[in-house]
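Computed from the coordinates by the stated procedures, all read-outs in this text should not be read as laboratory data. A quick note: this is a predicted structure, and the numbers were derived from the prediction, not measured. Cβ: placed from backbone, ideal geometry, glycine included. Neighbour counts: every protein chain shown.
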Amino acid sequence: MKKLFVMLSGRGSNFLKIYENIKKGHLKAEICGVFSNKKDALGIKKAKEEGLKTFILENKEFSSRREHEIGIEKIIDELSPDFIILAGYMRILTEEFVKKYKWKIVNIHPALLPSFPGVEAQKRAWEYGVKFSGCTVHFVDEGVDTGPIILQRIVPVFDEDTPEELEERILKEEHIAYTEALKILIEGKWKIEGRRFILQ
Ligand code: GRF
């Protein structure tokens, strides 16, 4: 059984959807640990309620970003997960961390990358006036939201939408996309050539 290690900072709806799909047998994997850098994150509270192994290391407990990550690496290396799933983890990872777990760290972004990387992507896409947006599941590399794209799902943007409505429409697709992407990764029939994620 492939092991997934989840990292989050907030409400954790993507994590919970993945976990629900595992419980329903839609995804053949196990969650070996859930990490949060925010002790009050709703996602970590839910993970505890579900009886999962949870870990909290707050940023402020460490003198630098790298020291914080070294703490996280100790947890990860003990559990040796197959994939590290970023599910609303709101801290940029250093090059050292990303290189150490090359092609193991996966993220979901609420826009069609390479458009609107970074924070508040849905709001910025709405402000820009795009007619379509969506979500992107991608590997994490040294840049911000720049790694090879595993899959994307598209939503329309309607003239009467508010940014909140767009965010909600995208989130529904995120909940489908993350499990779909993880199924492909777990199956193992893929390779990366340059920037391209290719199914084999
Ligand atoms: C999602 O919109 C995801 O795309 C972004 O952060 C948000 C996390 O939401 N990376 P949740 O915590 O999974 O509900």
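Scanning region 127-138 for residues that are within 14 Å of the ligand (Cβ to nearest atom) and of a type outside the set (S, T, N, Q) gives Gly134, Cys135, Val137, His138.
Tell me whether region 85-93 contains one or more residues that are within 16 Å of the ligand (Cβ to nearest atom), under 22 Å from Gly12 (Cα atoms) and either without any contact (Cβ under 8 Å) to a residue 24 or more places away in the chain or not in a loop (DSSP other than H, G, I, E, B) (or both).
Taking region 85-93 first, the residues within 16 Å of the ligand (Cβ to nearest atom) are 85-93.
Next, only the ones that are under 22 Å from Gly12 (Cα atoms) stay: 85-93.
Now narrow it down to the ones that are either without any contact (Cβ under 8 Å) to a residue 24 or more places away in the chain or not in a loop (DSSP other than H, G, I, E, B) (or both): 85-86.
Yes.
Determine whether region 7-27 contains at least one residue that is of a type in the set (S, T, N, Q), touching a Ser or Thr at 6+ places or on another chain (Cβ under 8 Å) and free of Cβ contacts under 8 Å to residues at least 40 places away in the same chain. So far as region 7-27 goes, no, none of its residues is of a type in the set (S, T, N, Q), touching a Ser or Thr at 6+ places or on another chain (Cβ under 8 Å) and free of Cβ contacts under 8 Å to residues at least 40 places away in the same chain. Arg153 meets all of the listed conditions (1) assigned to a helix (DSSP H, G or I); (2) over 21 Å from Phe5 (Cβ atoms); (3) not small (Gly, Ala, Ser) but one, namely (1).
Residue-level check: of (1) at positive phi; (2) in contact with a Leu (Cβ under 9 Å, 6 or more places away or on another chain); (3) among the aromatic types (Phe, Trp, Tyr), Phe116 misses just (2). Taken over region 48-84, the residue count meeting the criterion of being more than 12 Å from Val6 (Cβ to Cβ) and outside any helix (DSSP H, G or I) is 9.
Within region 94-111, the set of residues being away from the ligand (no atom under 12 Å from the Cβ) and part of a loop (DSSP other than H, G, I, E, B) comprises Thr94, Tyr101, Lys102, Trp103, Lys104.
Scan region 171-190 for residues that are small (Gly, Ala, Ser) and either in contact (Cβ under 8 Å) with a residue 40 or more places away in the chain or within 23 Å of Glu120 (Cα to Cα) (or both) and jot them down.
First, the residues of region 171-190 that are small (Gly, Ala, Ser): 177, 181, 188.
Ala177, Ala181 - these are the residues of region 171-190 that are small (Gly, Ala, Ser) and either in contact (Cβ under 8 Å) with a residue 40 or more places away in the chain or within 23 Å of Glu120 (Cα to Cα) (or both).
Considering each residue of region 1-41, count those that are buried (at least 19 other Cβ atoms within 10 Å of the Cβ), away from the ligand (no atom under 15 Å from the Cβ) and in a helix (DSSP H, G or I), and give that number. Of the residues in that region, 0 qualify.
Among the numbered criteria (1) under 18 Å from the mean Cα position of the chain (by Cα); (2) within 16 Å of the ligand (Cβ to nearest atom); (3) free of Cβ contacts under 8 Å to residues at least 24 places away in the same chain, which single criterion is violated by Lys48? Only one criterion is unmet by Lys48, namely (1).
Among the numbered conditions (1) over 24 Å from Ile184 (Cα atoms); (2) within 10 Å of the ligand (Cβ to nearest atom); (3) assigned to a loop (DSSP other than H, G, I, E, B), the only one that Gln122 does not meet is (3). When the residues of region 113-135 are filtered to those that are touching an Asp or Glu at 6+ places or on another chain (Cβ under 9 Å) and among the small types (Gly, Ala, Ser), the one that is nearest to Met90 (Cα to Cα) is Gly118.
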